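The values are calculated or read from the model by the stated rules, or taken from the named source; none is laboratory data. Computed from a prediction, not measured in an experiment: that's the story for all the values here. Methodologically, a virtual Cβ is constructed for each residue, glycine included, from the backbone with ideal geometry; neighbour enumeration extends over all protein chains shown.
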């Protein structure tokens, strides 16, 4: 027997508003928790020559950005960095210690970018912002800050690593390097079988499900803009450094992406940090491997720009 269609109008509108309100409330709780924890989980990073807040053109308006210029900066070298947080949380402030430390140890100027977040701005808003910012940077928007368009790399952690990997695919032949820190590379298989010990306090199967619901909001998870791991042709993308964590539900896909890059002839270094959880590069007070891991990644970034 066929079912009657659901009524249109007020009932549907209220239902949609209620669902969005619930998602926004969940996102706010996550953002507030991160803000409260920031000073408890990170130690102050080493100083840089200059830290400057600027704006860059996004897909729907100006976006906040922050430039960390290290002492003795490598001439013209720059990294466009996208913060993690599952496309839901994260900010310039939450990732300041990581970005500043990365700039200080690598000698490469880091430009961290704040992009639009879900659920207020679902996919593909973050991708569109990332592409707009990269296009501006490649057009010389950062030249006044000592970053040359021809010496530009992209990077990011977790969701930011997703954006950086996608940008490297999109801007083939125009980038020096891609620095991917425990990147979230696909959103189609969040319930795949994995050992329970891979789940940590900063990323779990439940949180991955929330990310899919809030960020994709019904969009196709197999779209390579959302899941860069599904791109069939990786030839010609920028050389890569992929940092993975052993206690991380993303470890397998990070290794798989490194293998696929290598099979496509792309120079890639895969570094697995054992006995560490997802997000540990933002846990310098708690994870002894945090600072050595950033230093290791920084050396790879410096080498790429040498």
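Can you name every residue in segment 111-135 that is more than 22 Å from residue 22 (Cβ to Cβ) and over 12 Å from the mean Cα position of the chain (by Cα)?
Once the filter is applied, which keeps residues that are more than 22 Å from residue 22 (Cβ to Cβ) and over 12 Å from the mean Cα position of the chain (by Cα), segment 111-135 yields 111, 124, 128, 129, 131, 132, 133, 134, 135.
Quick check, is residue 192 over 20 Å from residue 274 (Cα atoms), part of a helix (DSSP H, G or I) and at pLDDT below 95?
no
Restricting attention to segment 195-206, does a residue exist that is surrounded by 21 or more Cβ atoms within 10 Å (Cβ to Cβ), under 20 Å from the mean Cα position of the chain (by Cα), closer than 30 Å to residue 72 by Cβ and touching a residue at least 12 places away in the same chain (Cβ under 8 Å)?
No: segment 195-206 contains no residue that is surrounded by 21 or more Cβ atoms within 10 Å (Cβ to Cβ), under 20 Å from the mean Cα position of the chain (by Cα), closer than 30 Å to residue 72 by Cβ and touching a residue at least 12 places away in the same chain (Cβ under 8 Å).
For segment 156-177, give me each residue that is in contact with a helix residue (DSSP H, G or I) (Cβ under 7 Å, 6 or more places away or on another chain), surrounded by fewer than 24 Cβ atoms within 10 Å (Cβ to Cβ) and over 19 Å from residue 102 (Cα atoms).
Hits for segment 156-177 are 169, 170, 171, 174.
Out of all the residues in segment 260-301, which are out of contact with any strand residue (DSSP E or B) (no Cβ under 8 Å at 6 or more places or on another chain), surrounded by fewer than 18 Cβ atoms within 10 Å (Cβ to Cβ) and part of a helix (DSSP H, G or I)?
The answer is 260, 263, 291, 292, 295, 299.
For segment 232-259, which residues satisfy the criterion of being more than 17 Å from the chain's Cα centre (by Cα), farther than 23 Å from residue 102 by Cα and surrounded by 18 or more Cβ atoms within 10 Å (Cβ to Cβ)?
Answer for segment 232-259, where residues must be more than 17 Å from the chain's Cα centre (by Cα), farther than 23 Å from residue 102 by Cα and surrounded by 18 or more Cβ atoms within 10 Å (Cβ to Cβ): just 234.
Please go through segment 144-183 and pick out each residue that is part of a helix (DSSP H, G or I) and touching a strand residue (DSSP E or B) at 6+ places or on another chain (Cβ under 7 Å).
145, 160, 161, 163, 164, 165, 167, 168
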